[in-house]
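Nothing in this text is a laboratory measurement; each read-out follows from the coordinates by a stated rule. As the structure is a prediction and not an experimental result, all values here were calculated from the model. Glycine also receives a Cβ, built like all others from the backbone with ideal geometry; neighbour counts cover every protein chain displayed.
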């Protein structure tokens, strides 16, 4: 039974790096050898038994099951259930070791497996070593691009979008996250029906069901934020979309939502998104009551310039984790595809 071991320094403390690594279904956001990832079904991604799919650049897929996750020890283990690699009983362990007094930690990644055929040259072991090495480099890069947990997320990359171009943040029809604040309470929900409505002043529409807590906050505050989540936030988007704060007061924390503020706006913005539109409610009582349709005048717009700049989306060059989500039904989403020029 071959065993592969990898160890390298991470330029982040174990607490901070672990918040990324423990999101079992979101490895596609930082591993450069993956075209995407996600969790099958509605199983929580941090609970033993969760199964994640990994999309490889050649179109093939891998299925891996989470065997254990220990937050106190910064360690998780998983096994491969289906893979193009000719191996059986593949079990891997990923661990972070804190370094006392340093804002760094050690990443340890190991695996053991059975070979289906002799491999005297150790080709498969080298391939697994390459997976771990690439994952380390991708995690390092991902952590560098993230802001410290208590700060403004990737603040050097958030750039204002001219209001006359704000409609371009929504006109490709993404699923959005709607956030609001009122009476000392913040909440976030997912909304599949949202679109640009007008150019000047810019307006948008979004459907907010009467049963939702977020709608109450929007009506109370008269303002809200519409943001475009990325494929890397698939699990978060699904969680806030099918759980209610009425039933689960800790919904945001359990889903891993991080909020930040923008100067001049008393609104909660969701970190990790690709675009944000701060809106003032345009009162339309009939539409709101009859159709749950809210109109918002956009009073501020921003985008992450790694994926939206010069008035255009750049999904192809930004990487798969930056693509927007498009909800269909039953927990099934699609990620936006490549551009087609006519």
Given Cα pairs under 8 Å that are at least 6 residues apart, what percent is the relative contact order of the chain? 16 percent
Output the Cα-based Rg and Dmax of segment 158-335 in Å, rounding Rg to one decimal and Dmax to a whole number. 14.9, 43
Rg(Cα)/(2.2 N^0.38 Å) for segment 1-144, N = residue count: 1.02
For the chain, longest principal axis from Cα atoms; helix 123-145 axis from its Cα atoms; angle between them, nearest 10 degrees, is 30 degrees
Debye sum, Cα scatterers, segment 273-342, no solvent: what log₁₀ I/I(0) at q = 0.13, 0.17, 0.20 1/Å? -0.59, -0.87, -0.97
Once all Cα-Cα distances of segment 101-225 are split into 5 Å bins that start at 0, what whole-number percent is in each one? 2, 8, 11, 11, 12, 11, 9, 8, 9, 8, 5, 3, 2, 0
According to the Kirkwood expression over distinct Cα-Cα pairs, how big is the hydrodynamic radius of segment 57-97, in Å? 11.4 Å
For segment 306-328 and segment 205-277, compute the distance between their C-alpha centroids and round to whole Å. 20 Å
Separation in nanometres of the label points that stand 7 Å from Cα toward Cβ, at residue 260 and residue 91: 4.0 nm
Most fluctuating residue given options 12, 275, 303, as computed from a GNM of the chain linking Cα atoms under 10 Å: 12
For the chain, what does -39500 (n - 2.57) per DSSP helix run (n ≥ 4), summed and divided by total residues, give at 222 nm, in deg cm²/dmol to the nearest 500? -5500 deg cm²/dmol
Can you run the Rg to Rh ratio on the chain? Use alpha carbon positions and the Kirkwood inverse-distance Rh. 1.00
Rel. contact order, % - alpha carbon contacts under 8 angstrom, at least six apart, segment 1-86: 19 percent
